[in-house]
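Take a look at the structure below.
The values are calculated or read from the model by the stated rules, or taken from the named source; none is laboratory data. In this text the structure is predicted, and so the values were computed from the model without any measurement. Heads up, the Cβs are rebuilt from the backbone with ideal geometry, glycines too, and the neighbour counts pull from every protein chain shown.
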Amino acid sequence: MSENKRAKSSTDQSFAGLKAFVNWLIVGVVLACAFAYGISAVRVIVACLLFVWVLAGPFLFSWCLVDLASRSFMDGHYDLSEKLARLALAVDELVKPLVMVFGMAYSPFSLFNCLNLANALMVNGQFADSEAVLKQALKQTEALPDFQLSLTPLILSHMATVILYRGDFNQAEDLLERSTTIKTNRLQLNTLSVDERMSLELGVAADLYTTGGLFEKCRQYDLAEKCFKDALDRVERFAENLDPEGELKSNFLNGLGDLYLKLGRAREAEPYIYEARRLRGLKFTADHPIMSSSYDNLGRFKTATGEYVEAEKWLEKARKIRQRYGRKNPADLADTMRSLGQLKVAEGNLSEALELFAKATVMKQKAFGDTFPDVADMLEEKAVVMQRLGDEGGASAALEVAEKIRDKFSLRQKF
């Protein structure tokens with residue numbers, strides 16, 4: 001789940017809103033001084049300017065909160081991001097009467113605040129609430145001016161990810177298809193600026209990556225691999241301008257490496273895993289939440305190559321980070337518990353492995369419910385260990401439940 005979390009960002013990190021709000025405060029101080037010490041004629045002019053200044057305040061504050069909530073999310077402070085986004089939406093609601101005077105239905109920053117709130121809710125495992133926020137955002141797009149219409153496919157992409165985690169794979173697939181189609185059609189326009197074109201390319205790449213994750217959960221591994229590679233190729237074509245710090249590229253590299261590890265192709269996974277970690281290390285601190293998936297992949301790779309001491313070192317690093325950031329949504333921590341269980345199986349510690357797989361199963365059920373492909377993954381891991389321990393009945397029961405889950409999650413035959 002980590003890469004999907006990181007792929008979602010509603011704003012850039014230029015902090016234009018924060019800068020504008022600071023400038024607004026400075027202007028307010030200057031106007032207050034001018035009013036206090038100016039002559040009568042000047043005071044009349046300043047009073048008019050102060051009126052405009054007061055009206056602008058809530059809008060600039062909302063814009064500032066867009067930046068702060070987005071930055072908090074990117075830094076892994078998901079609860080803070082949620083609180084800031086909720087505050088921003090409350091501000092947007094307060095200024096709604098004023099906005100309507102200018103012929104608009106919503107604050108110009110309301111959509112961005114909705115996206116920030118939806119992201120924070122999703123990461124914290126509140127998928128139903130996140131979907132509700134995104135539906136409201138999608139409704140707002142009906143009243144958007146033309147220059148903001150590009151936000152519609154962005155919302156569709158976010159909603160597809162949330163609905164995927166809610167377990168409706170066919171609806172998620174449809175939303176991704178709609179989002180990609182809108183972006184692809186817009187790319188045919190000759191009037192796009194360079195920035196607009198690159199932003200659309202970025203969006204298509206993100207949709208491809210999410211689609212690959214969808215196929216992976218349905219065990220359509222060939223399609224998943226193709227989507228991951230296509231997403232990576234698209235980003236690499238615009239590497240210098242589209243993804244200068246390599247963040248998206250590192251996500252796609254790590255996802256492809258993860259897939260190869262699942263398929264038992266450890267040597268193919270190796271260059272992708274190491275390059276992803278290198279790129280992330282250039283931008284993020286060692287204990288940043290995004291690093292945990294790189295550590296987990298490194299641990300699994302070391303397990304596959306028989307370097308068990310190194311494997312445990314990397315997996316413990318991943319576990320500590322995920323324990324810290326996954327209190328509300330333990331899905332990623334469950335993945336690392338599974339990786340530790342696989343290490344214990346390789347070392348021959350079957351009882352300890354079974355305990356780890358059992359904990360991982362409970363965590364996945366807490367995150368996604370009892371019937372989700374990730375739960376089936378854990379049950380199948382448990383079944384293998386149970387068989388080796390002689391518990392044929394327990395293994396058979398676990399596999400039966402896993403098979404029912406697999407049957408539930410099969411995409412329509414569209415490909």
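Side notes on the structure shown:
- Residue 66 being over 15 Å from the mean Cα position of the chain (by Cα) and buried (at least 24 other Cβ atoms within 10 Å of the Cβ): yes
- Tally, over the stretch 337-372, of residues that are in a loop (DSSP other than H, G, I, E, B) and more than 19 Å from residue 310 (Cβ to Cβ): 4
- Options 299, 326: the member that is free of Cβ contacts under 8 Å to residues at least 12 places away in the same chain and crowded, with 16+ Cβ neighbours inside 10 Å: 326
- On inspection, residue 316 does not qualify as surrounded by 15 or more Cβ atoms within 10 Å (Cβ to Cβ) and in a helix (DSSP H, G or I).
- Test: residue 108 is part of a helix (DSSP H, G or I) and more than 30 Å from residue 286 (Cα to Cα): no
- Verdict on residue 163 being buried (at least 20 other Cβ atoms within 10 Å of the Cβ), out of contact with any Cys (no Cβ under 7 Å at 6 or more places or on another chain), within 20 Å of residue 218 (Cα to Cα) and modelled with pLDDT of 90 or more: yes
- Every test in (1) over 21 Å from residue 364 (Cβ atoms); (2) crowded, with 17+ Cβ neighbours inside 10 Å; (3) within 20 Å of the chain's Cα centre (by Cα) is passed by residue 198 save one, and that test is (2).
- Residue identified as part of a helix (DSSP H, G or I), modelled with pLDDT of 95 or more and within 25 Å of the chain's Cα centre (by Cα) among 384, 375: 375
- Residue-level check: of (1) surrounded by fewer than 17 Cβ atoms within 10 Å (Cβ to Cβ); (2) touching a helix residue (DSSP H, G or I) at 6+ places or on another chain (Cβ under 6 Å); (3) more than 30 Å from residue 251 (Cβ to Cβ); (4) not β-branched (Val, Ile, Thr), residue 93 misses just (2).
- Matching entry among 18, 25, 31 (being aliphatic (A, V, I, L, M), modelled with pLDDT of 80 or more, assigned to a helix (DSSP H, G or I) and closer than 17 Å to residue 72 by Cβ): 18
- In the condition set (1) within 14 Å of the chain's Cα centre (by Cα); (2) at pLDDT 90 or above, residue 154 is compliant with all but (2).
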